[in-house]
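What follows is a set of notes on a single structure, which appears directly below.
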Amino acid sequence: MPDVILFDLFGVIARPQSAPARGALEAVADATAPTFWDVYWRLRPSYDNGQVSGTEYWLQVATELGATFDGDRIAALIAADIASWSSVDADMIQLIEHTAAAGVRLALLSNIPEELASHYERHHARWLRHFELVAFSCRIGHAKPDPAAFLWCCDKLDLTPDDVLFVDDRAENVHAAERLGMRAHRFTGPARTAQAISQTRRGSGRPTPATG
């Protein structure tokens, strides 16, 4: 039985960007897919790791796109980016609250920039309080699937990797956790995740990662 369940945020508790939200970002940037999204994701790691600010990130995006973003445009892009990642899954919030109420220790590990981290702290404190450790990449300096991100959490929790059940929607993150010795569950929905948590709490061994 794991001592802690370590959750990912985006794609697990928070919903992925919707098509309308992605379209809104493209419109503010006055850029088209797929070029915009190639630049957006290619430059994202340094933003997620806290190496650059939101303003610096969007200036870098502008340079790559051959565009010019003034202060008002950058503020609008930051706001649209935050909005695109702000929708949460009510069923997952319920699962977190139920699991915490059962006495299970919970932790969170997310690749997230500072502006978005601050937004979640302001607007989602009600359920974030259930996590004894909240590890935001912008503040710990490590992002998944870097093993250092997982090991940072283990160190702060005073646990070894085999004491942890990790839940994430991305295969590369799940595999990275497994290589360190963590139990891992590939997220495909709240019901399968609840089942995986129940199995490990009963001491039935490592859950079979979900496919898809």
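The values are calculated or read from the model by the stated rules, or taken from the named source; none is laboratory data. None of the values given here were measured: they were computed from a predicted structure. For neighbour counting, all protein chains shown are included, and Cβ atoms are generated from backbone atoms with ideal geometry for every residue, glycine included. The accessibility values were calculated without ligands, DNA or RNA, using every heavy atom of the protein model including side chains. Shrake-Rupley method; radii C 1.70, N 1.55, O 1.52, S 1.80 Å.
Observations
- Counting the residues of segment 154-190 that are of a type in the set (D, E, K, R), open to solvent by less than 60 Å² (accessible area, probe 1.4 Å) and farther than 21 Å from Ile112 by Cα gives 2.
- Among (1) under 16 Å from Ala21 (Cα atoms); (2) in a loop (DSSP other than H, G, I, E, B), the one test that Phe69 misses: (1)
- Within segment 65-96, considering residues that are surrounded by fewer than 15 Cβ atoms within 10 Å (Cβ to Cβ) and charged (D, E, K, R), the one nearest to Glu132 (Cα to Cα): Asp91
- Meeting the requirement of 2 or more residues that are under 14 Å from the mean Cα position of the chain (by Cα), the helices (runs of 4 or more DSSP H) wholly within segment 76-136 are 114-123.
- Yes/no for Leu151 being of a type in the set (A, V, I, L, M), touching a residue at least 60 places away in the same chain (Cβ under 8 Å) and open to solvent by 20 Å² or more (accessible area, probe 1.4 Å): no
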